[in-house]
């Protein structure tokens with residue numbers, strides 16, 4: 001028997017797990033405010049204290065050379081493009097020093113799938129950072145790991161082992177897009193498959209490497225595809241418990257190969273709320289102010305999100321698609337406070353950061 005949307009929401013409030021069909025039905029709920037209120041109630045079960053976290057980090061894209069050429073991406077360049085680049089070690093270290101000077105605690109490193117850089121290059125990069133700086137390295141999304149293994153002619157497990165030995169701490173959940181192969185075949189046919197993304201995450205979790213998970217929506221996928229993506233993430237979290245957070249964000253069409261319009265705040269907030277309700281085993285849901293702007297990011301804190309993400313001292317991929325938002329630590333803290341929450345700086349494991357003065361999250 002198919003439940004009504006109202007009954008499905010009541011079921012969620014009672015702490016019962018929703019089926020795929022029930023999750024899909026939530027996309028037909030017209031009352032956005034009601035959906036948001038249920039998502040907020042579910043968030044409060046995970047986080048009863050009125051706290052919203054954020055992280056001070058920097059997204060360093062070490063190269064824009066990429067053989068994947070995804071249709072949704074405006075960042076990638078061919079190897080011989082005049083504006084193709086690979087950061088030097090000196091440039092990389094300078095960016096990290098700038099991050100540390102403003103209280104940053106982690107560096108997020110992702111790049112294109114470069115056809116010539118080998119695994120030794122990445123291991124030396126991580127080792128060099130760890131040798132010089134006391135900083136958390138959150139780096140190399142599943143498509144990068146799969147690409148490294150393919151170039152080396154080795155296994156994903158061996159790549160993860162070598163990167164972990166070099167000092168890799170955690171792995172970002174990028175490259176997920178939509179974990180439905182028919183969708184990936186349309187927008188990113190050269191990138192790792194949905195199954196490879198899941199398999200790499202499973203192996204990382206089995207080695208004690210925690211990761212995030214993401215979803216990029218608002219392009220060619222259906223609402224049913226979004227729920228299928230959430231189902232796969234939820235099932236792997238049941239199996240491993242290795243995901244620290246889930247970050248849904250919207251496709252940005254500028255300068256890309258997909259002539260589509262970006263979805264607005266209404267669709268973003270609805271999808272965010274459904275993510276919170278459906279992903280009952282993931283404690284942390286991050287708001288995507290980088291793609292939606294500060295005001296929608298603030299509203300998202302009442303639609304299930306408990307984390308406002310990074311201050312984004314640097315961000316290049318979304319910016320390449322024509323969307324550019326920025327925020328200082330002071331602005332982020334004020335935004336969280338104005339929404340009725342206490343702002344707390346966190347680390348990559350969603351634990352409060354204790355500053356040199358001994359205070360928390362200042």
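Coordinate-derived values only; no laboratory data. None of these values were measured; they are calculated from a predicted model. Here the Cβ positions follow ideal geometry from the backbone for every residue, glycine too, while neighbour counts run over all protein chains shown.
Treating the angle as unsigned and between 0 and 90°, give the value, to the nearest 10°, between the Cα long axis of helix 194-206 and the longest Cα principal axis of the chain.
So the inclination is approximately 80 degrees.
Extending each Cα 7 Å along its Cβ direction at residue 186 and residue 328, get the distance between those two points in nm, one decimal.
The two pseudo-label positions are separated by 4.4 nm.
Along the Cα→Cβ direction, 7 angstrom out, place labels at residue 19 and residue 295. What is the inter-label distance in nm?
With each label placed 7 Å out from Cα toward Cβ, I get 4.1 nm.
Using a 10 Å cut-off around each Cβ, can you sort 280, 238, 80 from fewest to most neighbouring Cβ atoms?
The most exposed by this proxy come first: 80, 238, 280.
For the chain, calculate the relative contact order in percent as a whole number, restricting contacts to Cα pairs under 8 Å that are 6 or more residues apart.
Reported as a whole number, the value is 23 percent.
Mind ranking 146-152, 301-307 by how tightly packed they are, going by the mean number of other C-beta atoms within 10 angstrom, highest first?
Working: 146-152: 19.3, 301-307: 24.9.
Averaged packing, sorted descending, gives the order 301-307, 146-152.
Using just the helices of the chain, give the 222 nm mean residue ellipticity in deg cm²/dmol: DSSP H runs with n ≥ 4 each add -39,500 (n - 2.57), and the total is spread over all residues, rounded to 500.
After summing the helix terms and dividing by residue count, I get -13000 deg cm²/dmol.
How high is the relative contact order of segment 83-167, in percent, with contacts defined as C-alpha pairs under 8 Å that are six or more residues apart?
Numbers: 61 pairs, mean separation 28.2, N = 85.
Answer for segment 83-167 is 33 percent.
Of all beta bridges DSSP finds with both residues in the chain, what is the antiparallel percent, to the nearest 5? Before the final figure, lay out the partial values.
Details: 3 of 30 bridges.
So the antiparallel bridges amount to about 10 percent of the total.
For residue 207 and residue 193 in one chain, what is 0.36 nm times their gap in residues minus the Cα-Cα distance, to one decimal in nm? Provide the component values of the computation, followed by the final result.
Values: separation 14, 0.36 × 14 = 5.04 nm, distance 2.14 nm.
Gain on extension, residue 207 to residue 193, equals 2.9 nm.
Between residue 10 and residue 266, take the C-beta separation as r, use R0 = 30 Å, and let me know the FRET efficiency to the nearest 0.05.
Computed FRET efficiency for residue 10 and residue 266 comes out at 0.80.
What spacing in nm lies between the two simple spin-label points modelled at residue 33 and residue 354, each 7 Å away from Cα in the Cβ direction?
4.4
Between residue 118 and residue 342, what FRET efficiency follows from the Cβ-Cβ distance if R0 is 45 Å, with the result rounded to 0.05?
The pair residue 118/residue 342 has a calculated efficiency of 0.45.
Using the alpha-carbon atoms, what tilt in degrees (0 to 90, nearest 10) does helix 223-240 show relative to the longest principal axis of the chain?
Between helix and principal axis, roughly 70 degrees.
So for segment 140-284: antiparallel DSSP bridges make up what percent, rounded to the nearest 5?
0
Can you work out the FRET efficiency for the pair residue 79 and residue 152, with r the C-beta to C-beta distance and R0 = 25 Å, to the nearest 0.05?
The formula returns an efficiency of 0.85 here.
Relative contact order (percent) for segment 53-119, with alpha-carbon contacts under 8 angstrom and 6 or more residues of separation?
53
Would you mind ranking 22, 195 by Cβ crowding within 10 Å, fewest neighbours first?
195, 22
What is the packing order of peptides 241-249, 95-103, taking the mean over residues of other C-beta atoms within 10 Å and listing the highest first? Before the final figure, lay out each step's value.
Working: 241-249: 22.2, 95-103: 15.0.
Top to bottom by mean Cβ count within 10 Å: 241-249, 95-103.
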